[in-house]
Structures are given as structure tokens and as C-alpha cells.
Amino acid sequence: MEIDLIVGSMLGAAEYVADEVEQQLLDQHQVTQHLDADLAELKTDGSHVWLICTSTHGAGDFPDNIEPFMSQLQQERPDLSQLKYGVIALGSSQYDSFCQAGRDADQLLQDLGATRIGERLEIDAVEEPVPEDVALEWLPQWREQLEAQ
Ligand SMILES: Cc1cc2nc3c(=O)[nH]c(=O)nc-3n(C[C@H](O)[C@H](O)[C@H](O)COP(=O)(O)O)c2cc1C
């Protein structure tokens, strides 16, 4: 299966999580990481699975590097009814808008008809000093559900 790993990161934590997740997935999948995702370059026909890995910044905002992609989705509203995806959200429970970017990305993809695989992972920087460990604990059940499709 081909997986597009779409990353939103300001300070590098989500990028590091994505790197670790990619290393795990590479044993069975082709993985392309997108630090500046562009809708025009991504497959929406179901031949690729999207895995969104994003932190939240500002007051519940998307990181700068993923914001243009999310705006593209909001404006162009592509038909994503064939698409399967997962979400890894990083945030901090010190903020009211905990993991809002990951939650908004999840909602937007669902609104566009896409089907989420597994549960959305939310990693709280207050509780989890090593976010990649949490992601690697979550990943096997996500893979199982993906591979059962
Ligand atoms: C200026 C700033 C604003 C933040 N705003 C939020 C927020 O609104 N909601 C949230 O859950 N986390 C927020 N965070 C926490 C980050 O999402 C969290 O530290 C994350 O691990 C950073 O990942 P990154 O290094 O990939 O950007 C904020 C962090 C900073 C520094």
C-alpha cells in the first residue's frame, strides 16, 4: 500500500514523530512524506492512504507548513469518498484548543467523504515527553485496521 504522510510541524516534534512512523511503515509500504503538501500532487482516488501527523499552534491553528494544504481542501472541496486516512495529533492540554488542528483536519476529511482508519491519536506534550513512543505504540493497531481493508 502507498501511504502519504502529511506533516504539520512548527518546532519539529510532529516531524520527528512522522520520521519514526515512516521508518516502521517502510517494511511493508511505500511511504512519501510531505512537509509542504500540495493537493495537486496527491492521489485522492483511493490508491494512496493519507496519514496526517500535525501539531497545533497559535490558538488552535494549523502549523504554517500544512495550513496552505488545509486551505486548498477547504476551498477546492475535492471528492474524497475513495480516500482512507489516519490522524496523529500533537498538542498540549495547557491550551483550551487541545489538538484542534488534528481534530479540524479529521473533521474536514470526513466532511469531504473520506473514511478514517482506526481512532485519531492525540498526544499531549504535558503527559508525554517522548511523543514518538506514543505514536509507535498506537501504530500497530492502525496498521492492522489498514491491512484488514
Ligand atoms: C506558541 C505555541 C502555541 C501552541 N498552541 C497550541 C494549541 O492551541 N493547542 C494545542 O493543543 N497545543 C498547542 N501548542 C503545543 C504544541 O502543539 C505541542 O508542543 C507540539 O508538540 C508541538 O509540535 P511541533 O514541534 O511539531 O510544532 C502550542 C505550542 C506553542 C509553542
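Throughout, read-outs are computed from the coordinates displayed, never taken from laboratory work. Fair warning: this is a prediction, and the values are worked out from it, not measured in the lab. Note that we place each Cβ from the backbone using ideal geometry, even for glycine, and neighbour counts take in every protein chain shown.
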(request) Give the order of Val31, Val126, Val49 when sorted by the count of other beta carbons within 10 angstrom, beginning with the fewest. (result) Val126, Val31, Val49
(request) Could you please report the charge total around Ser47, scoring K, R as +1 and D, E as -1 over all other residues with beta-carbon less than 15 angstrom from its beta-carbon? (result) -3
(message) I need Leu136, Leu83 ordered by Cβ neighbour count within 10 Å, fewest first.
(response) Leu136, Leu83
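Just rank Trp138, Trp50, fewest to most, by other beta-carbon atoms within 10 angstrom.
Trp138, Trp50
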(request) Using DSSP, restrict attention to beta bridges with both residues in region 2-147 and report what percent are antiparallel, rounded to the nearest 5. (result) 5
(request) Work out, step by step, the length gained on full extension between Asp61 and Tyr95: first 0.36 nm times the residue separation, then minus their alpha carbon distance; give nm to one decimal. (result) 11.1 nm
(request) Calculate for the chain the 222 nm mean residue ellipticity that helices alone would give, adding -39,500 (n - 2.57) per DSSP H run of length 4 or more and normalising by residue count, nearest 500 deg cm²/dmol. (result) -11000 deg cm²/dmol
(message) Once R0 is set to 30 Å, what does the formula 1/(1 + (r/R0)^6) return for the Cβ-Cβ distance between Glu128 and Leu39, expressed as a FRET efficiency to the nearest 0.05?
(response) 0.45
